[in-house]
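The values are calculated or read from the model by the stated rules, or taken from the named source; none is laboratory data. Because the structure is a prediction, the values reported are computed rather than measured. Neighbour counts run over all protein chains shown; Cβ positions are idealised from the backbone, glycine included. Surface accessibility is based on the protein's heavy atoms, side chains included, excluding ligands, DNA and RNA. Shrake-Rupley method; radii C 1.70, N 1.55, O 1.52, S 1.80 Å.
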Amino acid sequence: MNEKKNVMVFAETMEDGRLSGSALGIAGAGARLAALTGCGLDVLVLGRDNGEAIRGLSAYKIDRIISVEDPFLTPGNIDVYVKELSKISEKFSPSALLFPMTLYGRELAPRTAALMGAPVISDCVACDTTPEGKIKWTRLSFGGYISAGVESDYEGTRFVSIRPGIFEKPEKTDGEPELIREEADLDKADLKSVLMRTIKKAAQGMLAVEDADVIVAGGRGAGGSAGFKLIRELADVLGGAVGASRVAVDKGWIDHSALIGQSGKTVAPALYITCGIAGSIQHITGMRNSGCVVSINTDPRALIFDVSDYGIVGDLFQVLPVLTEEIRHIKAS
Amino acid sequence: MRILVCVKQVPDPQKVRMEETTKRIDRRGDSMISPFDLYALEGVKTLRDAGVQVHATAVTMGPAQAVTALHDSYASGADDCLLLSDEAFAGADLRKTALVLQKAIEKMEEKDGPFDAIFCGAKSIDGGNSMLPAYLAQLLGRSHAAYALGCRMTGDGEALEILKENDLGNQVYRVPFPCVVSFTKNSQEPTYPLIERIITASSMDVPVLNAGDIFGDQQIPQAQTAVDSFEYRDMRRGSLIVNDKDQEEGARKLAKMLYDAHVL
């Protein structure tokens with residue numbers, strides 16, 4: 001096993017070059033693995049302009065930041081992105097290469113691993129050593145019902161995909177990571193799937209569910225945009241994000257990016273408040289690891305109450321205005 | 001055009017158990033076709049409805065009882081089916097599964113000609129990796145799109161136009177043939193299968209390929225990751241539910257409970 005080689009973390013960045021919400025947490029997972037295996041921590045950034053990402057990472061205890069810049073390195077050009085990633089991985093030969101289990105990470109990790117002939121351990125939430133000194137990753141399946149410890153004997157670079165929002169960020173540092181700038185070595189002929197157009201959304205700049213410590217989520221009971229207006233007011237008072245179940249998204253009451261559940265995002269905020277959500281397994285899958293779950297539903301037998309710490313049987317149109325106002329008072333005093 | 005639809009039989013998530021000795025998912029209990037696979041099959045229907053002639057083959061890798069996922073696939077529009085089954089495939093991880101599929105696809109294409117597209121569900125609800133289609137696409141060297149909401153042929157007939165929804169907005173990709181596309185749930189329920197096809201499916205003989213058929217004399221790939229331990233987590237929470245006739249008063253009570261619990 002390549003114990004002297006560093007752990008490398010792929011830092012996901014947005015179109016505009018900022019670090020994505022998951023990036024520092026994945027770096028934290030890398031820090032944990034590096035500590036357990038007694039090696040250093042590298043963070044890899046690929047993009048058009050990595051300045052802001054590098055600044056964001058430099059405040060943390062990272063040994064090296066490896067930066068590759070090229071105008072063609074955008075998430076939309078994933079075929080080219082993957083090839084470049086695999087070249088870096090070959091060159092630096094890290095003991096492990098960590099990815100976020102985001103929509104994008106779920107494409108990058110397996111494709112890069114396939115190019116390298118490596119297995120992938122995915123959706124990991126914890127990292128420990130076994131009594132024999134091997135690394136064991138814990139992953140959750142079946143919506144968190146089954147927790148499994150996974151090990152690997154693979155001797156090449158271990159590809160691991162980390163669930164966002166679970167690991168703490170790395171420690172801060174006064175020092176500076178070493179910055180290594182690598183030349184991109186792209187072949188545009190590698191590009192197969194071509195992004196033709198993006199129909200951008202109107203609402204930008206709102207707190208994303210994957211970045212929030214508090215989420216207030218709406219479901220069928222919200223009934224429409226009026227219900228979501230009340231939901232947003234509560235979210236605002238709590239400094240949180242607005243989430244949604246499948247029904248609300250399908251009916252167009254809120255954007256797809258708010259979807260939490262089996263076909264949307266998996267989140268684990270400190271506080272998750274559901275409003276008019278029944279609690280189907282598809283939704284619960286996405287939020288059941290939340291710190292504290294509070295639910296509002298008119299049906300006392302709604303399944304959501306089984307996975308809630310607190311709740312109220314009631315109509316969100318009556319409950320939310322009062323709840324929001326009470327919390328506003330509490331926070332003001 | 002020829003489309004291969006990869007499907008998976010998964011345990012009912014409400015009843016799933018693990019095997020104590022092998023530390024693998026017990027696949028003998030109640031099971032179902034992974035719900036995302038139905039959206040892959042719906043992708044085939046979308047193309048057919050638009051006038052494209054499609055021959056669709058459904059394939060799955062699994063134990064003998066996985067054949068029911070193929071029956072469901074036939075009922076939902078697959079023309080023929082194939083089961084890849086062998087003791088040697090049990091406990092396959094992501095890479096091993098992709099390698100077995102890759103080899104089987106090679107064999108199928110040798111025999112019947114190339115697949116223009118391979119459709120999959122975006123993820124299976126057991127492992128829930130959502131990584132197999134991407135891994136397979138890279139092994140095959142084919143273009144790839146994940147989390148498709150819908151598809152249609154491009155004007156020149158050489159690619160699929162894939163609609164994806166992600167945090168940046170709706171995005172449209174041109175994905176040239178031969179391609180691998182995985183489908184996620186969209187706002188429309190998949191078409192309910194025709195009764196006649198359900199009936200035919202239940203008694204159909206599905207051909208089986210075993211490890212020898214697929215790999216011949218070559219070595220069967222080994223899994224490089226394994227589950228070493230597992231535990232069940234009781235996800236229910238003890239809940240304190242306010243149920244007052246006066247809902248506004250109840251809301252005030254709830255706010256106080258949350259404050260007292262230091263949750264706010």
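Things to note:
- Among the residues of the stretch B:165-190, those that are more than 7 Å from every other protein chain (Cβ to nearest Cβ), touching a strand residue (DSSP E or B) at 6+ places or on another chain (Cβ under 8 Å) and not in a strand (DSSP E or B) comprise B:F177, B:P178, B:N186.
- Here the strands (runs of 3 or more DSSP E) wholly within the stretch A:91-145 that include at least 2 residues being open to solvent by less than 10 Å² (accessible area, probe 1.4 Å) and in contact (Cβ under 8 Å) with a residue 24 or more places away in the chain are A:96-100, A:120-129.
- Residue check, A:A248 open to solvent by less than 50 Å² (accessible area, probe 1.4 Å) and more than 7 Å from chain B (Cβ to nearest Cβ): yes
For (1) closer than 30 Å to B:S143 by Cα; (2) among the small types (G, A, S), each residue gets a yes or a no:
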{"residue": "B:V172", "(1), (2)": "yes, no"}
{"residue": "B:V180", "(1), (2)": "yes, no"}
{"residue": "B:K185", "(1), (2)": "yes, no"}
{"residue": "B:S203", "(1), (2)": "no, yes"}
{"residue": "B:Q222", "(1), (2)": "yes, no"}
{"residue": "B:S229", "(1), (2)": "no, yes"}
{"residue": "B:E249", "(1), (2)": "no, no"}
{"residue": "B:A261", "(1), (2)": "no, yes"}
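- Taking the stretch B:152-188 as the range and being small (G, A, S) and closer than 20 Å to A:Y104 by Cα as the test, the residues that pass are B:G169, B:S182.
- Verdict on B:A66 being surrounded by 20 or more Cβ atoms within 10 Å (Cβ to Cβ) and within 15 Å of the chain's Cα centre (by Cα): yes
- Hey, A:R220 more than 8 Å from chain B (Cβ to nearest Cβ) and either of a type in the set (A, V, I, L, M, F, W, C) or open to solvent by 40 Å² or more (accessible area, probe 1.4 Å) (or both) or not: yes
Yes/no per residue for (1) loosely packed, with under 12 Cβ neighbours inside 10 Å; (2) within 40 Å of the chain's Cα centre (by Cα); (3) more than 7 Å from chain A (Cβ to nearest Cβ); (4) part of a loop (DSSP other than H, G, I, E, B):
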{"site": "B:Q219", "(1), (2), (3), (4)": "yes, yes, yes, yes"}
{"site": "B:D228", "(1), (2), (3), (4)": "no, yes, no, no"}
{"site": "B:D234", "(1), (2), (3), (4)": "yes, yes, yes, yes"}
{"site": "B:I241", "(1), (2), (3), (4)": "no, yes, no, no"}
{"site": "B:R252", "(1), (2), (3), (4)": "no, no, no, no"}
{"site": "B:A255", "(1), (2), (3), (4)": "no, no, no, no"}
{"site": "B:L258", "(1), (2), (3), (4)": "no, no, no, no"}
{"site": "B:L264", "(1), (2), (3), (4)": "no, yes, no, yes"}
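- For the stretch A:300-316, the criterion of being under 27 Å from A:P164 (Cβ atoms) and touching a Cys at 6+ places or on another chain (Cβ under 8 Å) is satisfied by at least one residue.
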